[in-house]
Amino acid sequence: MNVTTHRRCQLTIIAEYVLEEKLIVLARGLGAHGYTVHEVRGGSFSADGERRREGAGETDRTIEMKVISERAVAEQIAQQVLDQFGGNFSVRVLLAEVEVFRPGMY
């Protein structure tokens, strides 16, 4: 099997639930062709190993948004997310290189 793949970037944004619609509008406005969003839960560990859970309450919900795009688009979205929301909201932004089979979709 000889399959051709194409490099793109996967931007993952983990943020507070209230930002979902704003993130979608921002991503579309900066050239994303699509996205995936789902609700997630997470936690962290303190220095003494104690577990701290995030998103435990009904109003403390977290989403994970994924956008696959050209690197320039992903970087623009990431920068805008950090500039607009990073100071006032819990936001994590990750970027990874991926390979896709249908480049026109991304």
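No lab work stands behind these numbers, since they all come straight from the coordinates. Keep in mind that this is a model prediction, so the values were computed, not measured. Note that each Cβ is placed from the backbone with ideal geometry, even for glycine, and that neighbours are counted across all protein chains shown.
Along segment 87-93 the Karplus relation, 6.51 cos²θ - 1.76 cosθ + 1.60 evaluated at θ = phi - 60°, assigns HN-Hα couplings of x, 10, 10, 7, 9, 10, 10 Hz to successive residues, with x for each Gly and Pro. Projecting the Cα atoms of V93, G34, G104 onto the charge dipole of segment 6-105 (Cβ charges, centred on the Cα centre) puts G104 farthest toward the positive pole. For V100 and I24, the difference between the fully extended length at 0.36 nm per residue and the C-alpha to C-alpha distance is 25.2 nm.
For segment 11-16, putting each phi into the Karplus relation 6.51 cos²θ - 1.76 cosθ + 1.60 with θ = phi - 60° gives couplings of 9, 10, 10, 10, 8, 5 Hz, in residue order, rounded to whole numbers and with x for Gly and Pro.
Relative to the longest principal axis of the Cα atoms of the chain, the long axis of helix 20-29 lies at roughly 30 degrees. Computed from phi, the 3J(HN,Hα) profile of segment 64-77 under the Karplus parametrisation 6.51, -1.76, 1.60 (θ = phi - 60°) reads 10, 10, 10, 10, 10, 7, 4, 4, 4, 5, 4, 5, 5, 4 Hz, with x in place of Gly and Pro. The residues neighbouring V37, those whose beta-carbon lies less than 13 Å from its own, together hold a net charge of -1 under the Lys/Arg +1, Asp/Glu -1 convention. In a simple Cβ point-charge model (Lys, Arg +1; Asp, Glu -1; nothing else charged), the chain has a dipole of about 320 debye relative to its Cα centre. Residues whose amide H comes within less than 5 Å of that of V40, counting only those at least five positions distant or on another chain, are T62, I63, E64 (H built at 1.01 Å from N in the peptide plane). The structure shown yields percent of Cα pairs over 20 Å apart, and of the options (i) 35; (ii) 38; (iii) 45 that calculated value carries the label (iii). Adding -39500 (n - 2.57) for every DSSP H run of four residues or longer, then dividing by how many residues the chain holds, sets the calculated 222 nm ellipticity at -7500 deg cm²/dmol. With a simple spin-label model that places each label point 7 Å from the Cα along the Cα-to-Cβ direction, the separation between R41 and L82 comes to 3.1 nm.
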